[in-house]
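Report on the structure given below.
The values are calculated or read from the model by the stated rules, or taken from the named source; none is laboratory data. Quick caveat, the model's predicted, so the values are computed rather than measured. Heads up, the Cβs are rebuilt from the backbone with ideal geometry, glycines too, and the neighbour counts pull from every protein chain shown.
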Amino acid sequence: MDISLLAQDAASFQTPFLAVFAVDIATGEDAEAHPVLLTTSDALTDAASRVLATGEFKAALGETLVLHAPAGIRADRLLIVGLGRAKSLTPAQARKGAGSALRAAKPRGIREMAVAFPEDRSLSDESIDELPCQATMRAIAEGLALADPDYDTYKSDRKDKAVRAVTVLARSTERSTRAEMEEGLREGVVIAGAQNFARSLVNEPGNILTPTELAKRTAAMCAEVGLQCEVHSTKKLEELKMGAFLAVAQGSEQPPALITMTYEPATKPAADAPILGLVGKGITFDTGGISIKPADGMEKMKYDMAGAAAMIGAMRAIAELKPAIRVIGVVCSAENMPDGRAYKPGDVVTAMSGKTIEIINTDAEGRLVLADGLHYAKTLGCTHLINAATLTGACVVALGILNAGLFSNDDSEAARFQDAMRRAGEQFWRLPCTDDYREQIKSKIADIMNTGGVRWGGAISAAMFLKEFVGDTPWIHLDIAGCAWEDEAKAWIAKGPTGIAVRSIVEWATGPR
Ligand code: BES
Ligand code: MN
Ligand code: ZN
């Protein structure tokens, strides 16, 4: 899908499908909806005025309404798209609105469409908050691109219903504004492209996307965008003494993959400049191993590599956005299977760091591969660590599916991530991992054990386990178990893999430091 920006008045633009945004300016809890269009064009306002007066359309976020042969404008159809409440309007609403516009066009077989950039009416109407132009343009580009895929790859009767081109129409006259918009558009296309790449990986079934295949696709992506990539398997894991990662992998016929991706800025940073380490859990299928999972819903465990996919996607965007900071991606990929050679409860393994781990439950495999991945990233020189993983069902119990878990050993790094997350329009909620929780992972047999000794606070036990392997290095842990897969379609996005964490990680990596 091609997204372009054009300086033209929307009312005089010929297109099969023109989308214009509307907000609800009603204030107070029980007030009737009062929708108004975000445009300064009288022709557009007039074309929509009759239907808006009926009260049929409330401008709720993602709500859409189509007018055929609208009077006084050149488009064949006018699509009015609700962005929700006008008060504290954010680019996140524009992202969802743009997505809703695209997803309204798709089933109608529309190939080309236009979107009227939401015009700043704050001067004429105090009830509407101003949208920052670059961030809004970026959010619109992201929303459009993220709305594009449907995960019907494996349906033999799938029809190609893709929208091929979207023109964003903006009347801005100032040069600086136009440059900002162009930049926002470029960023949005890059970031959403990377997020869609991550989603496409997560969507793949476990029989297709083995650790070897994940490595192959990652290496191909790296070659495309100019990242250095290395792929290793069992032999190298043995050399590195990655006993925890190896234990998880040993029950599968599929060899594990240790993937590293390296981004070097064009101008060499100082020797003591920070190096970011992005570590991902890449379990291509999680049966639970000998501590096998119940059959019900087990098929979803193909998405247990969503943390890895997030890091691979983030590295792709970083390669294209070219920040002046070194970034290394590390993916630990394996399949967790029960087998005659599989690791067992009661086994004691030695991680790369030298710590010994008593295995209590082979289904707590993610923290094991990450333990070695995080330690390895430190040996590669990383000064700041972030990891993402579909790590615990307990995190889903704690936070539901709207917020993913955020843990950190460093308040200022956590705050930096939270700033990035807000700009990216994603939701993570910080949970504690203070040292008083360490009791939960003490083992009688080894240094630590791989599950909590108590039943409660399972997401925290997992975080405490990871914390053992990062030492004093500032570190962020993202538990995305509840947010990596969406079972229900939204007006702005298909159901299936979400690509959660890609945008926040990219923003964190490329943002101020
Ligand atoms: N991949 C799962 C976590 C998970 C659960 C992701 C539900 C998505 C949805 C992880 O490997 C796992 O099995 N965790 C166990 C840990 C337990 C054995 C301590 C869990 O959460 O039940
Ligand atoms: Mn598991
Ligand atoms: Zn798992």
**Asked** Since Lys236 meets every condition but one in (1) in contact with a strand residue (DSSP E or B) (Cβ under 7 Å, 6 or more places away or on another chain); (2) buried (at least 16 other Cβ atoms within 10 Å of the Cβ), which condition does it not meet?
**Response** (2)
**Message:** Which count do you get for residues in region 261-295 that are assigned to a strand (DSSP E or B), more than 12 Å from ligand 2 (Cβ to nearest atom) and among the β-branched types (Val, Ile, Thr)?
**Reply:** 4
**Item:** Hey, Asn207 surrounded by fewer than 17 Cβ atoms within 10 Å (Cβ to Cβ), on the phi < 0 side of the Ramachandran plot and out of contact with any Cys (no Cβ under 7 Å at 6 or more places or on another chain) or not
**Value:** yes
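Could you run through region 2-39 and say how many residues are buried (at least 16 other Cβ atoms within 10 Å of the Cβ) and either assigned to a loop (DSSP other than H, G, I, E, B) or polar (S, T, N, Q) (or both)? Spell out how you get there, then give the answer.
Filtering region 2-39 for residues buried (at least 16 other Cβ atoms within 10 Å of the Cβ) gives 3, 5, 9-11, 13, 15, 17-26, 33-39.
Still in the list and also either assigned to a loop (DSSP other than H, G, I, E, B) or polar (S, T, N, Q) (or both): 9, 13, 15, 17, 25-26, 33-34, 38-39.
The qualifying residues number 10.
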**Asked** Looking at Thr362, Thr350, which is the one that is of a type in the set (S, T, N, Q), on the phi < 0 side of the Ramachandran plot and away from ligand 2 (no atom under 16 Å from the Cβ)?
**Response** Thr350
**Fill in**
Of Ala371, Ala415, Ala398, the only residue that is within 16 Å of ligand 2 (Cβ to nearest atom) and at pLDDT 95 or above is Ala371
**Message:** I'd like to know if region 370-385 contains one or more residues that are buried (at least 24 other Cβ atoms within 10 Å of the Cβ), over 30 Å from Val190 (Cβ atoms) and small (Gly, Ala, Ser).
**Reply:** yes
**Fill in**
Of the candidates Gly251, Gly289, the one satisfying the condition of being buried (at least 24 other Cβ atoms within 10 Å of the Cβ), over 16 Å from Gly373 (Cα atoms) and touching a residue at least 24 places away in the same chain (Cβ under 8 Å) is Gly289
